[in-house]
1. Take residue 36 and tell me if it is touching a helix residue (DSSP H, G or I) at 6+ places or on another chain (Cβ under 7 Å), under 25 Å from residue 144 (Cα atoms) and surrounded by fewer than 17 Cβ atoms within 10 Å (Cβ to Cβ).
2. Identify the residue in the stretch 181-193 that is within 16 Å of residue 166 (Cα to Cα) and outside any helix (DSSP H, G or I) and, among all such residues, is farthest from the ligand (Cβ to nearest atom).
3. Could you tell me how many of the residues in the stretch 47-92 are surrounded by fewer than 19 Cβ atoms within 10 Å (Cβ to Cβ), within 16 Å of the ligand (Cβ to nearest atom) and not in a helix (DSSP H, G or I)?
4. Which one of 38, 54, 62, 15 is touching a residue at least 12 places away in the same chain (Cβ under 8 Å), touching a strand residue (DSSP E or B) at 6+ places or on another chain (Cβ under 8 Å) and more than 27 Å from residue 158 (Cβ to Cβ)?
5. Looking at the stretch 115-141, I want the residues that are at positive phi and have a partner that is part of a strand (DSSP E or B) and surrounded by fewer than 16 Cβ atoms within 10 Å (Cβ to Cβ) with Cβ atoms under 8 Å, at least 6 apart or on another chain. Which pairs are those?
6. Can you name the condition, by its number, that residue 173 falls short on among (1) more than 24 Å from residue 14 (Cα to Cα); (2) at pLDDT below 95; (3) out of contact with any strand residue (DSSP E or B) (no Cβ under 6 Å at 6 or more places or on another chain)?
7. Inside the stretch 213-226, can you point out the residues that are touching a residue at least 40 places away in the same chain (Cβ under 8 Å) and assigned to a strand (DSSP E or B)?
8. Among the candidates 179, 229, 190, single out the residue that is farther than 18 Å from residue 100 by Cα and in contact (Cβ under 8 Å) with a residue 40 or more places away in the chain.
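The values are calculated or read from the model by the stated rules, or taken from the named source; none is laboratory data. All of these numbers come straight from a predicted model, not from anything done at the bench. Cβ sites come from the backbone with ideal geometry, for glycine too, and all protein chains shown count toward neighbours.
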Ligand SMILES: [Zn+2]
């Protein structure tokens with residue numbers, strides 16, 4: 001998968017199944033910071049990409065689910081996350097404690113997830129430090145978007161209205177393991193929520209920012225002047 005330019009100084013590396021797993025690199029003094037860590041199978045490509053972009057300064061986890069922490073232990077850089085995400089990041093479990101896979105409607109998908117999560121996972125991540133609401137990362141502001149995970153964070157750059165948001169919004173149908181039709185979005189499925197009502201509130205908060213680019217954890221970034229109604233409608237799915 002080739003590297004895609006998302007916005008000024010922001011790069012997207014897509015990998016794993018159908019290239020649906022996203023790792024972002026943001027240029028900063030001394031190299032690039034990696035936002036979100038994708039899956040274990042992306043570790044060599046992520047390391048090579050970071051080298052190409054001038055060297056990795058640090059890794060910041062959007063959240064600690066198996067498909068978002070996969071490369072982190074292999075990147076040879078300090079890893080940061082929100083304080084509420086440390087326990088899950090440092091855990092040796094690929095399946096987060098609050099997942100309720102029994103909520104998935106399609107039986108084969110329900111049976112497949114434990115295997116997928118273990119395959120995607122890179123194992124426990126040693127957390128070097130934390131980032132919280134209002135902190136600055138490479139010209140972006142950290143926003144706490146709890147719900148899907150307790151310490152889920154996004155990065156927001158007001159100047160060009162770019163939001164990198166991990167799993168605040170899904171552009172995939174995780175219950176059927178396929179992309180959503182182009183232009184559609186949804187709140188993450190309740191099977192993967194720590195607090196589903198909070199996840200819906202976080203998605204509404206993202207809509208209120210009126211972003212023009214939304215780089216999510218899976219599939220290609222959303223772009224346009226009219227993302228707000230799409231995101232508001234997405235919060236009402238599930
Ligand atoms: Zn997730």
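1. Details: touching a helix residue (DSSP H, G or I) at 6+ places or on another chain (Cβ under 7 Å): yes; under 25 Å from residue 144 (Cα atoms): yes; surrounded by fewer than 17 Cβ atoms within 10 Å (Cβ to Cβ): no.
No.
2. Residue satisfying both the conditions and the ranking: 185.
3. Matching residues across the stretch 47-92 total 1.
4. Details: 38 fails: more than 27 Å from residue 158 (Cβ to Cβ); 54 fails: more than 27 Å from residue 158 (Cβ to Cβ); 62 fails: more than 27 Å from residue 158 (Cβ to Cβ).
After applying the criteria, what remains is 15.
5. From residues that are at positive phi, the pairs are 134/141.
6. (1)
7. Pass one, the stretch 213-226, residues touching a residue at least 40 places away in the same chain (Cβ under 8 Å): 213-222.
Scanning the stretch 213-226 gives 213, 214, 215, 216, 218, 222.
8. Working: 229 fails: in contact (Cβ under 8 Å) with a residue 40 or more places away in the chain; 190 fails: farther than 18 Å from residue 100 by Cα.
None of the other options fit; the residue is 179.
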